[in-house]
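The values are calculated or read from the model by the stated rules, or taken from the named source; none is laboratory data. Everything numeric here is computed off the predicted structure, so don't read it as measured data. Here the Cβ positions follow ideal geometry from the backbone for every residue, glycine too, while neighbour counts run over all protein chains shown.
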Amino acid sequence: MAWFLLIIAGLFEVGFATCLGKAKEHTGTAALWWLGGFLFCLSCSMILLYKATQTLPIGTAYAVWTGIGAVGTALVGIIFFKEPADFWRIFFIITLIGSVVGLKAVAH
């Protein structure tokens, strides 16, 4: 259950980073709605991370949470914000995924 909560927390991290990117693109009320989404996703992410660390080692949980957020946010940037998707960027995203999977595999 803790791993499931951690994965959901990581997805909410992607959500709050995405909301920040969208808020930057808007002004006025639209920007405020995106900032509200940021605060919601941030709160959910932190609460779920906290719950996951009740049973998982903090170092592993934090690294996996950050990895999910980093990979997810990089992919959102490429797909939705038209950020570059060159060879080295994709290569390092893949190595980051491998590292997160490796951490889960060796966690006790």
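Could you tell me how many of the residues in the stretch 1-44 are within 11 Å of the chain's Cα centre (by Cα) and either surrounded by fewer than 18 Cβ atoms within 10 Å (Cβ to Cβ) or among the hydroxyl-bearing types (Ser, Thr, Tyr) (or both)? Full working, then the answer.
Filtering the stretch 1-44 down to residues within 11 Å of the chain's Cα centre (by Cα) leaves 6-18, 41-42.
Still in the running and either surrounded by fewer than 18 Cβ atoms within 10 Å (Cβ to Cβ) or among the hydroxyl-bearing types (Ser, Thr, Tyr) (or both): 7-8, 11, 18, 42.
The qualifying residues number 5.
Might you let me know whether the stretch 10-21 holds any residue that is in a helix (DSSP H, G or I), among the polar types (S, T, N, Q) and in contact (Cβ under 8 Å) with a residue 60 or more places away in the chain? So that I can check it myself, show each step before the final result.
The initial filter retains those residues of the stretch 10-21 that are in a helix (DSSP H, G or I), namely 10-21.
If we keep only those that are among the polar types (S, T, N, Q) too, we end up with 18.
Now restrict to residues that are in contact (Cβ under 8 Å) with a residue 60 or more places away in the chain: 18.
So far as the stretch 10-21 goes, yes, one or more of its residues are in a helix (DSSP H, G or I), among the polar types (S, T, N, Q) and in contact (Cβ under 8 Å) with a residue 60 or more places away in the chain.
State which residue is surrounded by the fewest Cβ atoms within 10 Å (Cβ to Cβ) when the search covers only the stretch 86-108 and only residues that are charged (D, E, K, R) and either farther than 22 Å from ALA2 by Cβ or modelled with pLDDT of 90 or more (or both).
From the stretch 86-108, those charged (D, E, K, R) are 86, 89, 104; that's our starting set.
Keeping just the survivors that are either farther than 22 Å from ALA2 by Cβ or modelled with pLDDT of 90 or more (or both) gives 86, 89.
Values: ASP86: 8, ARG89: 14.
Residue satisfying both the conditions and the ranking: ASP86.
For the stretch 67-75, indicate whether the set of residues that are in contact (Cβ under 8 Å) with a residue 60 or more places away in the chain, out of contact with any Phe, Trp or Tyr (no Cβ under 9 Å at 6 or more places or on another chain) and small (Gly, Ala, Ser) is non-empty.
yes
Examine the stretch 17-29 for a residue that is within 25 Å of MET1 (Cα to Cα) and not acidic (Asp, Glu), and state whether such a residue exists.
yes
Assuming ILE58 fulfils every condition listed in (1) in contact with a helix residue (DSSP H, G or I) (Cβ under 6 Å, 6 or more places away or on another chain); (2) of a type in the set (Val, Ile, Thr); (3) under 17 Å from VAL106 (Cα atoms) apart from one, which condition is it?
Condition not satisfied by ILE58: (1).
Condition first: surrounded by 15 or more Cβ atoms within 10 Å (Cβ to Cβ), in a helix (DSSP H, G or I) and in contact with a Lys or Arg (Cβ under 8 Å, 6 or more places away or on another chain). Can you find one or more residues in the stretch 45-62 that meet it?
Our first condition is that a residue be surrounded by 15 or more Cβ atoms within 10 Å (Cβ to Cβ); within the stretch 45-62, this holds for 45-46, 48-49, 51-53, 56, 60-62.
Applying the additional criterion that residues be in a helix (DSSP H, G or I) yields 45-46, 48-49, 51-52, 60-62.
Those left that are additionally in contact with a Lys or Arg (Cβ under 8 Å, 6 or more places away or on another chain): 60.
Taking every residue of the stretch 45-62 in turn, at least one turns out to be surrounded by 15 or more Cβ atoms within 10 Å (Cβ to Cβ), in a helix (DSSP H, G or I) and in contact with a Lys or Arg (Cβ under 8 Å, 6 or more places away or on another chain).
Does at least one position in the stretch 68-82 carry a residue that is surrounded by fewer than 11 Cβ atoms within 10 Å (Cβ to Cβ) and either under 19 Å from MET1 (Cα atoms) or not hydroxyl-bearing (Ser, Thr, Tyr) (or both)? Lay out the reasoning, then the answer.
Let us first name the residues in the stretch 68-82 that are surrounded by fewer than 11 Cβ atoms within 10 Å (Cβ to Cβ), namely 79, 82.
Subsequent filtering for residues that are either under 19 Å from MET1 (Cα atoms) or not hydroxyl-bearing (Ser, Thr, Tyr) (or both) retains 79, 82.
The answer is yes; a qualifying residue exists.
Select from the stretch 22-44 the residues that are among the polar types (S, T, N, Q) and either assigned to a helix (DSSP H, G or I) or in contact (Cβ under 8 Å) with a residue 40 or more places away in the chain (or both) and list them in ascending order.
First pass over the stretch 22-44, keeping only residues among the polar types (S, T, N, Q): 27, 29, 43.
Hits for the stretch 22-44 are THR29, SER43.
Give the number of residues within the stretch 69-91 that are part of a helix (DSSP H, G or I) and over 12 Å from ALA17 (Cβ atoms). Full working, then the answer.
If we filter the stretch 69-91 for residues that are part of a helix (DSSP H, G or I), which is where we start, we get 69-80, 87-91.
From the residues that got through so far, the ones that are over 12 Å from ALA17 (Cβ atoms) too are 78-79, 87-91.
Adding up the residues that qualify gives 7.
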